[in-house]
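See below for the structure under consideration.
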4 protein chains.
Amino acid sequence: MKIFNVAFLGAGRMGMTHLRNLIGVPGVRVRVVADPILAAAQAGAAAVNAERASSDIEATINASDVDVVMIATPTGTHAELIERAVRAGKPVWCEKPVAMTLAGTEHVVQTVEASKHPVMIGFMRRFDPGYAAAKHAIEAGEVGRIERFRALSCDTTPPPLAFIKTSGGIFVDMMVHDFDMARFLVGEIEEVSAWGAALIDPGFAEAGDVDTCVAMLRFANGAVGTIEGTRRATWGYDIRTEIAGSKAKLVVEAQNKTPLLMARNVGHEGDYFQSFPDRFETAYKGEMAYFIDCLQKGQMPSPGVRDALASLRVALAATQSLREGRPVKISEVSAQ
Amino acid sequence: MKIFNVAFLGAGRMGMTHLRNLIGVPGVRVRVVADPILAAAQAGAAAVNAERASSDIEATINASDVDVVMIATPTGTHAELIERAVRAGKPVWCEKPVAMTLAGTEHVVQTVEASKHPVMIGFMRRFDPGYAAAKHAIEAGEVGRIERFRALSCDTTPPPLAFIKTSGGIFVDMMVHDFDMARFLVGEIEEVSAWGAALIDPGFAEAGDVDTCVAMLRFANGAVGTIEGTRRATWGYDIRTEIAGSKAKLVVEAQNKTPLLMARNVGHEGDYFQSFPDRFETAYKGEMAYFIDCLQKGQMPSPGVRDALASLRVALAATQSLREGRPVKISEVSAQ
Amino acid sequence: MKIFNVAFLGAGRMGMTHLRNLIGVPGVRVRVVADPILAAAQAGAAAVNAERASSDIEATINASDVDVVMIATPTGTHAELIERAVRAGKPVWCEKPVAMTLAGTEHVVQTVEASKHPVMIGFMRRFDPGYAAAKHAIEAGEVGRIERFRALSCDTTPPPLAFIKTSGGIFVDMMVHDFDMARFLVGEIEEVSAWGAALIDPGFAEAGDVDTCVAMLRFANGAVGTIEGTRRATWGYDIRTEIAGSKAKLVVEAQNKTPLLMARNVGHEGDYFQSFPDRFETAYKGEMAYFIDCLQKGQMPSPGVRDALASLRVALAATQSLREGRPVKISEVSAQ
Amino acid sequence: MKIFNVAFLGAGRMGMTHLRNLIGVPGVRVRVVADPILAAAQAGAAAVNAERASSDIEATINASDVDVVMIATPTGTHAELIERAVRAGKPVWCEKPVAMTLAGTEHVVQTVEASKHPVMIGFMRRFDPGYAAAKHAIEAGEVGRIERFRALSCDTTPPPLAFIKTSGGIFVDMMVHDFDMARFLVGEIEEVSAWGAALIDPGFAEAGDVDTCVAMLRFANGAVGTIEGTRRATWGYDIRTEIAGSKAKLVVEAQNKTPLLMARNVGHEGDYFQSFPDRFETAYKGEMAYFIDCLQKGQMPSPGVRDALASLRVALAATQSLREGRPVKISEVSAQ
């Protein structure tokens, strides 16, 4: 088994989670943890017994003892770092999103595809055992022809309004995971129609965003669907996805977090998943192992930058639909 | 306790179900069962020990020993029979719909309201223990401010295409129950946007209808929602309604029909509700008892013809939205 | 269809329930309701439109216009009334138990079997959709060879201590339903070993009884099992039965009473069945319909007096085991 | 944070699982993996980046660079290795059981308690999130006074008969986990009465054992309970534990392994846990982290050898009860 020497960029909260998820993955060694804040880089390096820490991200990407670059830096830096890494001839795993604009994302797609280096984007839900089993059941023909899709995503606590202003809006920032699941499980989306409201906090409206949204989806294969989301569900992190077809209906939904029930199979009060790292812990681990495994086997990992581009286009179409009050075809969305 | 003498009109399949549900309701005696097919009327009369059967519906309505008129005749006759009954000074229960056109329904509303006689329309889901408990929880403040609504309705077997052509379309014929639930649980709907497709049978498209539909709802109180429906779910009759608010989320969904599980709390294969009479058996009984109880207490029963009108307007708006490919405000829908 | 003319004896609380469950059963007419308290008989007669009420039970049994006798009088009178009815040549349905002593029950068995008239005893759980489906699955071979049985029965509120003193003890009064289910689903029991304790109220110990019990069962076919019971479950009426075999495990358990869930498929707090009439409403109705249907078809209904005898012997063996602190074979139990 | 240098003894299948679960636990470094089969030791060392591998277990225990000894060697060696390690002045974690005889276990208890070194025994169920939450709920008073306990344990595939002959029997080998849960959640057991049968394979009977068992438990605090077990459940690994008290009932049971349902919240066919490492993966990880954390904090870890002794006494009493066909008090069980 080849050992891949990883440079891990970004040792913030999620960066630390990803780093720890690399522990025990066979065939990988974290050589460097780099973060502009050296103390953060050092803490990350210590957590995984990495050889060194660095505050120089560019030097780290280009270091001769680094085979693979993994990126968990702030969103605004993803595009540039992915491009630098593939230009340095190195495979990349990067947290979603690639970029928040269509132009930025398309530029990365061109650079990555020209380089022919493997680049994986962290849409981790694809590695959740439930979604993976749903995908498997669909491919095995258990659902038949897919007719309907439904996704519900509820965060537990709204982010600060300061973040909202730079988030790209609820569809780009949050529902993009549901668009990715729609594409993963059903296929390409052709048209979207979206509505929303600021029901939780008027600050969302002031920031030009909504905190509650619904949308309809029309897929290229004829299926129709809905999505629904909120920035705040007081009862816990609540993600449910339904796929119905000519033969069966699948529901991906984690219920109680703990195998403890009260009385007649009623869950123990308060036993809820609390956040995406909580709900998708297994998925986050799975994507790390999968990425390294693809490198071992010389396979291109998925989802890649083109998937990120496709889901972003849907999210931008939904945002435009919300703004204009009319259905928007994905083909209308293009970089000006 | 006063005994109400009922004339029951229409002894078809659902008529017989309603008749049997009257058995054992205190304070009611079925005097006459009337049906243009005398043999059907006689079978109905025998089933409930009614005094007589008749094939003369008009005479039955006007009979001096009849206090109350209950109507389960074909849809096209509802409007006229309701009007005759209230003109004869008699309280009415009638299967939904009142009429399939806005003009027809509005005419009945005017006639009924002028008469001041109690008229109840059979939106039976309101009497299902699950929906009734949801209503109660909402009124008790358990959900907080309602932010999102979602309804899924799946019939098991599509009706014959001959019926589809006269059905008024999927929104008027089938999803009207979900619009009624939306109004019952959340409040008035202001705007709807609908998409659909003929995925099960191209005959639906030829009949100018769809067999699969999704829609978005915007409520007067600010909440948003989605509905989703299909004419055919091969795995069983599948109705799920979600109401989410600032404090909690409610889900009304009947799961296994029978209290038998296999292995680890997995339902017994094939143990599904098969149709609306199967799923809503308790609701159908409940509405009979409730209607008679209202008469006993001198209270106006609900839902009435104005509810039928309101839900029909939403269904017509959804139908128009589907046709025109744009959101339609309920206020746009008016009798020409 | 023949119409059977019923004399219904005993118009107490459960009697009224059974009477109402006869309404709508085809082929049956309640001629007389008899109760030593004439006002009770009259109320019962009114509830079902019976021809007359009577306080003379003996005359009622023998009335020439009565074809069938149904008995819901106090326990102590069952044996004598069953015997009188079959001696009068009339089929009988009687609430359980036949009698609380072995000698008394055996006497009835001899009288009934000599008469060859159909006599059914009201072990209603056999008519619950869950237990009936379990029986069907077992007979269809879905479970394979049965290896283990488990029954849990929890009442919600303990009966008054005055009743406890005359109840025959927890095994005879309450767990006899579980012994009947064990025999119905698995087969004959050969040996029982029982423990118990008075944990809820020391008055149970003073009355020579326990309020909490466990027991082991050994079946003739080699399977083993456990039962567990309590007189008081503060969270609701709680009945669970498991049957495990070489191929599958079945669980009969009614969960939430109402199809309303909160948040992630967690039942609505407080939505529990509250008592046996609540949990077994469908079963009580089913047994009435089944009994009349057997009469129509000229079939012997089941369970009969011999089933009551067999379950009583198990209950008496459990009682003896509890007292003597050792396993007791059913064959040890005999009328002295 | 102190770093504990671990010698890990035994690199078989479960040894490898425990080793991998140490990866990422803070404050621990595996110095040596020792196994009589050097290749196994080397594979173990490689898996965790240990400094060295060894086939000399005694030298490994005594090595001066080893602070802590962890034992996953074959059952027959546990007692001796625990004693050697504490005599060498080193804290120990050891897989259950300590020994299969009472005398052997008592000897270890004396040696360990004389040494005052921390020794933890691997009853991993205590670290399952469900059992841990149940314990927490009980301690918080949510259940009230405990009245009833019930444990069901079903393995999926029977072990080879060669193993059965040396296993100590179903109660010592398998149900000891349920006795540990009974003691953990309810308290000390005073008396047990057990029955069993060889229903799966007559070879169990030939080996003097049973493959299917039931037992009753009487607790010192007055509660009663049952346990039930089988060596083979064809539908998946099936563990359910119920604790009922004056206020509530708790059920610990993992249901579907994957958050994927079909149709109406029915689990996806075949989605079962398959074995104890599968079901208790989180528990196995948790016990490693807990043990090291206790060492960090200078706390005595639990469960210890005295817990192993107490559960073994219950298992031996059950075995004696099975053999003698009578209830056996735990106090009757003593080392001859």
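The values are calculated or read from the model by the stated rules, or taken from the named source; none is laboratory data. On a predicted model such as this, the values are computed, not experimentally measured, just so you know. Glycine gets a Cβ as well: all are built from the backbone with ideal geometry, and neighbour counts include every protein chain shown. Remember, those area values only see protein heavy atoms, side chains included, never the ligands or the DNA or RNA. Shrake-Rupley method; radii C 1.70, N 1.55, O 1.52, S 1.80 Å.
Among the conditions (1) charged (D, E, K, R); (2) closer than 23 Å to A:ILE121 by Cβ; (3) in contact with a Gly (Cβ under 7 Å, 6 or more places away or on another chain), A:GLU281 misses just one, which is (3).
Candidates in the stretch A:62-75 are the residues that are in a strand (DSSP E or B) and β-branched (Val, Ile, Thr); of these, the one that is farthest from A:THR17 (Cα to Cα) is A:VAL68. Here the condition is being part of a loop (DSSP other than H, G, I, E, B), aromatic (Phe, Trp, Tyr) and assigned by TED's automatic domain parsing to the domain that holds B:ALA318; of B:TRP235, B:TRP195, it holds for B:TRP235 alone. So is D:VAL48 modelled with pLDDT under 95 and either outside the structural domain of D:PHE179 (by TED's automatic domain parsing) or not aliphatic (A, V, I, L, M) (or both) or not? For D:VAL48, the condition - modelled with pLDDT under 95 and either outside the structural domain of D:PHE179 (by TED's automatic domain parsing) or not aliphatic (A, V, I, L, M) (or both) - is met. The single condition among (1) facing chain D (nearest Cβ under 7 Å); (2) at pLDDT below 95; (3) under 28 Å from C:ASP278 (Cβ atoms) that C:LYS247 does not satisfy is (3). When A:GLN299 is tested against (1) part of a loop (DSSP other than H, G, I, E, B); (2) within 18 Å of A:VAL98 (Cα to Cα); (3) of a type outside the set (Val, Ile, Thr), just one condition goes unmet, and that condition is (2).
Against the condition within 13 Å of chain B (Cβ to nearest Cβ), acidic (Asp, Glu) and assigned to a strand (DSSP E or B), how does C:GLU242 come out, does it pass? The answer is yes for C:GLU242.
Checking every residue in the stretch C:130-148 against the condition of being closer than 27 Å to D:MET216 by Cα, surrounded by fewer than 18 Cβ atoms within 10 Å (Cβ to Cβ) and either outside the structural domain of C:GLN255 (by TED's automatic domain parsing) or in contact (Cβ under 8 Å) with a residue 60 or more places away in the chain (or both) gives at least one match. Just so you know, in the stretch B:132-141 the residues that are in contact with a Leu (Cβ under 8 Å, 6 or more places away or on another chain) and closer than 27 Å to A:PRO202 by Cα include one that is farthest from the other protein chains (Cβ to nearest Cβ), and it is B:ILE138.
Each residue in the stretch A:78-93 was checked for being of a type in the set (Val, Ile, Thr) and touching a Pro at 6+ places or on another chain (Cβ under 8 Å), and 1 pass. For the stretch C:42-52, the criterion of a residue being open to solvent by less than 70 Å² (accessible area, probe 1.4 Å) and away from chain B (no Cβ under 14 Å) is satisfied by at least one position.
Of all the residues in the stretch C:25-50, those that are within 25 Å of C:THR282 (Cα to Cα) and free of Cβ contacts under 8 Å to residues at least 12 places away in the same chain number 1.
Looking across the stretch B:53-77, just one residue is touching a Pro at 6+ places or on another chain (Cβ under 6 Å) and open to solvent by less than 20 Å² (accessible area, probe 1.4 Å), and that is B:VAL68.
Going by the conditions given, is B:ALA151 among the small types (Gly, Ala, Ser), modelled with pLDDT of 95 or more and open to solvent by less than 10 Å² (accessible area, probe 1.4 Å)? Answer is yes for this residue.
Limited to the stretch A:186-197, what total is found for residues that are buried (at least 19 other Cβ atoms within 10 Å of the Cβ) and either small (Gly, Ala, Ser) or out of contact with any helix residue (DSSP H, G or I) (no Cβ under 6 Å at 6 or more places or on another chain) (or both)?
7
When B:GLY89 is tested against (1) over 18 Å from the mean Cα position of the chain (by Cα); (2) within 14 Å of chain C (Cβ to nearest Cβ), just one condition goes unmet, and that condition is (2).
Restricting attention to the stretch B:154-170, the residues that are in a loop (DSSP other than H, G, I, E, B) and either basic (Lys, Arg) or buried (at least 16 other Cβ atoms within 10 Å of the Cβ) (or both) add up to 6.
Restricting attention to the stretch C:302-336, the residues that are under 26 Å from C:TYR284 (Cβ atoms) and not in a helix (DSSP H, G or I) total 3. Selection of the stretch C:78-105 for residues being at pLDDT 95 or above, touching a helix residue (DSSP H, G or I) at 6+ places or on another chain (Cβ under 8 Å) and open to solvent by 50 Å² or more (accessible area, probe 1.4 Å) yields C:ARG84, C:ARG87. Of the residues making up the stretch A:177-184, one or more are open to solvent by less than 10 Å² (accessible area, probe 1.4 Å), within 14 Å of chain D (Cβ to nearest Cβ) and either touching a residue at least 60 places away in the same chain (Cβ under 8 Å) or not in a strand (DSSP E or B) (or both). Scanning the stretch D:212-241 for residues that are in contact with a Leu (Cβ under 6 Å, 6 or more places away or on another chain) and within 17 Å of D:GLN320 (Cα to Cα) gives D:THR212, D:GLU228. Within the stretch D:76-93, identify whether any single residue is closer than 15 Å to D:PHE291 by Cβ and in a loop (DSSP other than H, G, I, E, B), and answer yes or no. Yes: the stretch D:76-93 contains one or more residues that are closer than 15 Å to D:PHE291 by Cβ and in a loop (DSSP other than H, G, I, E, B). Of all the criteria given as (1) open to solvent by 50 Å² or more (accessible area, probe 1.4 Å); (2) assigned to a loop (DSSP other than H, G, I, E, B); (3) of a type outside the set (Gly, Ala, Ser); (4) within 14 Å of chain B (Cβ to nearest Cβ), the one not satisfied by C:ARG29 is (2).
Looking across the stretch D:5-24, the residues that are over 19 Å from D:ALA85 (Cβ atoms) and either open to solvent by less than 20 Å² (accessible area, probe 1.4 Å) or in a helix (DSSP H, G or I) (or both) come down to D:ARG13, D:MET16, D:THR17, D:ARG20, D:ASN21. Filtering the stretch A:200-226 to residues that are in contact with a Phe, Trp or Tyr (Cβ under 6 Å, 6 or more places away or on another chain) and of a type in the set (Asp, Glu) leaves only A:ASP211. Within the stretch B:279-322, the set of residues being closer than 30 Å to B:TRP235 by Cα and open to solvent by 60 Å² or more (accessible area, probe 1.4 Å) comprises B:GLU281, B:THR282, B:LYS285. Number of residues in the stretch A:200-229 that are open to solvent by less than 20 Å² (accessible area, probe 1.4 Å) and either within 11 Å of chain B (Cβ to nearest Cβ) or in a strand (DSSP E or B) (or both): the value is 16. Of all residues in the stretch B:308-336, those that are of a type in the set (S, T, N, Q) have Cβ atoms under 7 Å from Cβ atoms of residues that are assigned to a strand (DSSP E or B), 6 or more apart or on another chain, in B:GLN320/B:VAL328; B:SER321/B:VAL192; B:SER321/B:SER193; B:SER321/B:ALA194; B:SER321/B:VAL328.
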